[in-house]
Amino acid sequence: MPKMKTKRAAAKRFKATGTGKLKRNKAYKSHILTKKTTKRKRNLRKPAITDATNVKTMKKILPYI
């Protein structure tokens, strides 16, 4: 049985925490920032934990993380 390949696009976007949860960056922070409030942009800077509904799929495409 060959090794499973990691989806490289996902590997660049997700990191595992010490407890094994997946950390991700938030979307909507790249452009059209003038109409977004300072508070909203500040909250978009903080990383988030991947939602439980997506974890099974993410673990499948990231077998070694």
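Annotations
- Helix 52-61 vs. the chain, principal-axis angle (Cα, 0 to 90°, nearest 10): 50
- Using θ = phi - 60° and Karplus 6.51 cos²θ - 1.76 cosθ + 1.60, couplings along region 23-28 (whole Hz; Gly, Pro as x): 9, 9, 8, 7, 8, 6
- Where only DSSP H runs of four or more residues are counted, the chain gives -10000 deg cm²/dmol as its mean residue ellipticity at 222 nm, each run worth -39500 (n - 2.57).
- Low-density loop cleavage sites - trypsin sites (Lys or Arg not before Pro) in the chain, where at most 10 other Cβ are within 10 Å (DSSP): Lys3, Lys5, Lys35
- Here the gap between Tyr28 and Lys41, fully extended at 0.36 nm per residue and compared with their Cα-Cα distance, gives a gain of 3.8 nm.
- Assigned charges on the beta-carbon of Lys, Arg, Asp, Glu; the chain dipole about Cα centre (debye): 300
- Share of carbon and sulfur in the accessible heavy-atom surface of the chain [1.4 Å probe, %]: 57
- The residues of the chain expose, per residue, 89 Å² of accessible area to a 1.4 Å probe.
- Per residue convex hull volume, Cα atoms of the chain, in Å³: 102
The values are calculated or read from the model by the stated rules, or taken from the named source; none is laboratory data. Computed from a predicted model, the values in this text were never measured in an experiment. Every residue, glycine among them, receives a Cβ derived from its backbone with ideal geometry; neighbour counts consider all protein chains shown. These accessible areas exclude ligands, DNA and RNA; they are computed on the full protein's heavy atoms, side chains included. Shrake-Rupley method; radii C 1.70, N 1.55, O 1.52, S 1.80 Å.
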